[in-house]
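Since the structure comes first, as structure tokens, the remarks are kept for the end.
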Amino acid sequence: MKKYKMTNFLIVALVVTAVYQTGQLWLEGTTGHNFFYMARQLFSKQSVEDVTKNALLATRYAVGDGSSNFSVYYPDKVGTSTTLQQANDVLREILVENIGNSTELMEADWKELFQNRCIVMQYDFMITMEEYLSEIRSLKNGQALEQFDYITIIPAKHAGEESKAYFINSKENTCVLYSGLKTKTAPILHQTLMEGQSDMVYISTSQKTGSGILRRNLFLPQWANLPYEYQTLKQKPVFEEQNGNVSQQLLEKTAERFFGNFSVDWSNQEDNGDFIFSDSDVVFRYHTDNRVLEYYNYANYGSDGKKTELLEGYQISCDFLMNDTSLKTAVYLADISSNSNEIVYYFDYVVDNLPVYLSKELQLQIGARHAIEVTIRNDSVKKYRRYAVNYEMGQTNTAKLNVQFIDALDIANRQYQQSIAEREIADVKNIALAYYADNTDKIVLYWFVNLYQELFIIPTDTTNIIVVAKELTEAITE
């Protein structure tokens, strides 16, 4: 009798779970979880299937050939790539093999790390180990590292050989190591890392420069011969016709996906030109003056449920971005912020594995630092905000780069001492090569150098060396 009661209980629980999940998919369609994921969450927390199958969130990732050369990539799909998915499989297997084990804090030896073929996930922000390992309770309790901004995976070439995963805090230059001998997917990743190389070759500053002023390891491009010729970008507003008028037809086509394939109850164009579509819960608005697209789901505002876990919220965000059919340019995760019951994921555009940074003018125009914001509450998207443009390569416009990163650092250093303070630079927080987006038809590459709290924007063409200093801490409010 007890056996039948237990069976009946399980059947009822599974039915309830199925009904709940069906409702979520029907009404929201953004969580990205299937029935079996929900069942796992309800009935188990410690099996291999419990370790998240969501793709690794990463700002960018580098593939090292073991000989100090790297190729740097951004996700080629919304939020992920085939290589990241394979790396995620290997990391999942390594972590599961280490359940119940504690870790020992070590000094990060970058040169030793990069002597092997590897993949390095790099983040432009710190992530706590507790958040990242929240789905593996018995693993996160033994952590010696509080937060990290790199994950380096060294996959085994053959089955049965050792694979390694390092979580690294580059600010403190410390790390923890997980290793495993049972990673069946490691040889697949190893083979993938051997295939192909990007056109732009990167170096690791920890390996090649030995400079004490570089706070963290950076992957930066370096050319044997200059100038380097590249294609410029142009901005394309997604809802505007060639004459500059907003196409209501394009707006309606995009809006349909945000209402779960149900018809919109109400639409209107306001006196200021803004377009609004809505039903009983959702408001979809396009601001014609600054090309900002906004989505609000008021059904997710009132309740204060459990805070969404980090990786789960990232997957929800990526799944939700698929609703925006007007989004044609690739994006990458630029930052994360959170409070007691919400988590916000910030995305920016990327073209040809180079990020697109919004100019100060554009940031003020749209009232935000990043091109896209996705706010998660109660495992659903509460708010979505996007600077609604796409970026594409110019057909004929090209430009030339003839400033190496070390030269850009030198220029920024001199500018800091001349305009900010006469002191020796002892903290370079970041150096990046990126497109500097403004409202022109010819968007070119700049070096972005962070010294202390100052951002120096260095032209990559020596014929136009004009340095602009801006304070990073300056607030841009909506």
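Once you've got the Cα coordinates, tell me which of 164/328; 328/400; 157/307 are over 32 Å apart.
Numbers: 164/328 36 Å; 328/400 26 Å; 157/307 39 Å.
With Cα atoms farther than 32 Å apart: 164/328; 157/307.
Just to confirm, what accessible area per residue do you get for the range 101-194 at 1.4 Å probe, in whole Å²? Could you put the intermediate results ahead of the total?
On the way: 4290 Å² over 94 residues.
Normalised by residue count, the accessible surface of the range 101-194 is 46 Å².
Based on the Cβ-Cβ distance from residue 243 to residue 393, what FRET efficiency comes out when R0 is 25 Å, to the nearest 0.05? Before the final figure, lay out the partial values.
Numbers: r = 23 Å, r/R0 = 0.93.
It comes out at approximately 0.60.
How large a share of the accessible area of the range 55-106, in percent, is made up of carbon and sulfur atoms when the probe is 1.4 Å and the other protein chains stay in place? Let's see the in-between values first.
Details: 730 of 1740 Å².
Roughly 42 percent of what the probe reaches on the range 55-106 is carbon or sulfur.
Separation between the residue 252 and residue 430 pseudo-spin-labels, each 7 Å from Cα along Cα→Cβ, expressed in nm?
That separation, rounded to one decimal, is 4.2 nm.
Hand me the GluC sites (Glu not before Pro) from the range 52-134 located in a DSSP loop with no more than 15 other Cβ atoms within 10 Å, in residue order please.
Details: sites: 93, 97, 104, 107, 112, 130, 131; in loops: 104.
Of the GluC sites (Glu not before Pro), the ones in loops of the range 52-134 whose Cβ has at most 15 other Cβ atoms within 10 Å are 104.
Using a 1.4 Å probe over the heavy atoms of the protein chains, calculate the carbon and sulfur portion of the accessible area of the range 314-407 as a whole percent.
Working: 1340 of 3010 Å².
In the range 314-407, the share of accessible area belonging to carbon and sulfur is 45 percent.
In the range 275-338, which chymotrypsin sites (Phe, Trp or Tyr not before Pro) fall in coil by DSSP and have 13 or fewer other Cβ atoms within 10 Å?
Details: sites: 275, 277, 284, 286, 295, 296, 298, 301, 314, 320, 332; in loops: 301.
Here the sparse-neighbourhood loop sites are 301.
Residue 144 to residue 192: FRET efficiency via 1/(1 + (r/R0)^6), r the Cβ-Cβ distance, R0 30 Å, to the nearest 0.05?
On the way: r = 31 Å, r/R0 = 1.02.
With a Förster radius of 30 Å, E is 0.45.
Over 21 Å apart: what share of the alpha carbon pairs of the range 283-356 falls there, rounded to a whole percent?
Working: 1001 of 2701 pairs.
Counting every Cα pair in the range 283-356, those more than 21 Å apart make up 37 percent.
Set the Förster distance to 35 Å, then compute FRET efficiency between residue 223 and residue 364 from the Cβ-Cβ distance, nearest 0.05.
Values: r = 34 Å, r/R0 = 0.97.
Result of the calculation: an efficiency of 0.55.
Per-residue accessible area for residue 134 at 1.4 Å probe radius, Å² rounded to 10?
Roll a 1.4 Å probe over it and residue 134 shows about 20 Å².
The values are calculated or read from the model by the stated rules, or taken from the named source; none is laboratory data. Since the structure is predicted, the reported quantities are computational estimates derived from the model, not experimental observations. FYI the Cβ positions are ideal-geometry reconstructions off the backbone, even for glycines, and counts take in every protein chain you see. SASA here: full protein model, heavy atoms, side chains in, ligands and nucleic acids out. Shrake-Rupley method; radii C 1.70, N 1.55, O 1.52, S 1.80 Å.
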